[in-house]
Amino acid sequence: MSIIFLFLSIDEGFQIHENIGDITENYIDSTGFLYFPWVVPYGFAVIVFILVYLKFTLDLPKRTAVLFILSGTVYLTGAIVFDMLGGREADLHGFDSITYCILYTIEEFLEMIGVVVLIYALLSYIERQFGYLCVTLQIKK
C-alpha cells in the first residue's frame with residue numbers, strides 16, 4: 001500500500017495522470033465526463049486495488065476498516081467523480097467558468113479530507129494496537 005501512496009504523491013507532483021490521459025485520449029472520445037481521460041485507466045486501477053485489498057481491509061478492526069473505507073470513498077469522490085464533473089464543465093464552458101472553479105475546489109478539498117481521514121485512521125490504529133504513539137524529533141547542533 002505504501003508504494004501505491006508513494007506513486008499517488010509523485011503522480012500529483014509530476015502530473016503523471018495527465019500524461020496517461022494524453023495516451024488514453026487516442027483510444028476514447030475525451031469529451032463530456034471523459035474530458036480528462038486519465039479517469040478511465042485510473043478507474044480500472046481503483047477496481048483492482050479494491051479487489052486486492054478488500055480482504056485486508058475487512059480483516060482490520062471494525063473502526064479502522066470503516067475509517068479506511070470512508071477515507072478512500074471521500075478521496076475517490078474528489079479525485080474521480082468531481083474531476084469528471086469538472087471535465088464536463090470545462091468541455092462545455094472552459095476552464096474560466098465559476099462552476100469549474102467551484103468543482104475544482106471541491107475536488108481538491110475532498111482529496112485532502114480523504115488523506116486527513118486516512119492519517120487519522122492510521123494513527124488511531126497505532127494507538128489502539130500499541131497503547132501510545134510517541135514521536136521525537138531531535139536537532140543535533
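A few remarks follow.
- Residue selected from the stretch 82-96 under the condition more than 16 Å from the chain's Cα centre (by Cα) and in a helix (DSSP H, G or I), by the criterion farthest from GLY32 (Cα to Cα): HIS93
- Of the candidates ALA65, ALA79, the single residue that is surrounded by 12 or more Cβ atoms within 10 Å (Cβ to Cβ) and more than 13 Å from the chain's Cα centre (by Cα) is ALA65.
- Beta carbons closer than 8 Å, at least 6 apart along the sequence or on distinct chains, pair a first residue in the stretch 32-59 that is under 21 Å from PHE82 (Cα atoms) with a second that is among the polar types (S, T, N, Q) and part of a helix (DSSP H, G or I) for PRO37/THR24; TRP38/THR24; VAL40/THR24; PRO41/THR24.
- Checklist (1) free of Cβ contacts under 8 Å to residues at least 12 places away in the same chain; (2) surrounded by 13 or more Cβ atoms within 10 Å (Cβ to Cβ); (3) of a type outside the set (Gly, Ala, Ser) applied to ASP91, failing item: (1)
- In the stretch 5-22, the residues that are free of Cβ contacts under 8 Å to residues at least 24 places away in the same chain reach residues that are not in a helix (DSSP H, G or I) with C-beta atoms within less than 7 angstrom, at least six apart or across chains, in these pairs: GLU18/TRP38; ILE20/TRP38; GLY21/PHE36; GLY21/PRO37; GLY21/TRP38.
- Selection status of ALA121, in a helix (DSSP H, G or I) and in contact with a Phe, Trp or Tyr (Cβ under 6 Å, 6 or more places away or on another chain): yes
- Selection status of VAL48, exposed (fewer than 11 other Cβ atoms within 10 Å of the Cβ) and among the hydrophobic types (A, V, I, L, M, F, W, C): yes
- Candidate set from the stretch 96-134 (those that are surrounded by fewer than 16 Cβ atoms within 10 Å (Cβ to Cβ) and acidic (Asp, Glu)); member that is modelled with the lowest pLDDT: GLU127
The values are calculated or read from the model by the stated rules, or taken from the named source; none is laboratory data. Remember, predicted model here, so these are calculated numbers, not experimental data. We place every Cβ from the backbone using ideal geometry, glycine too, and count neighbours over all the protein chains shown.
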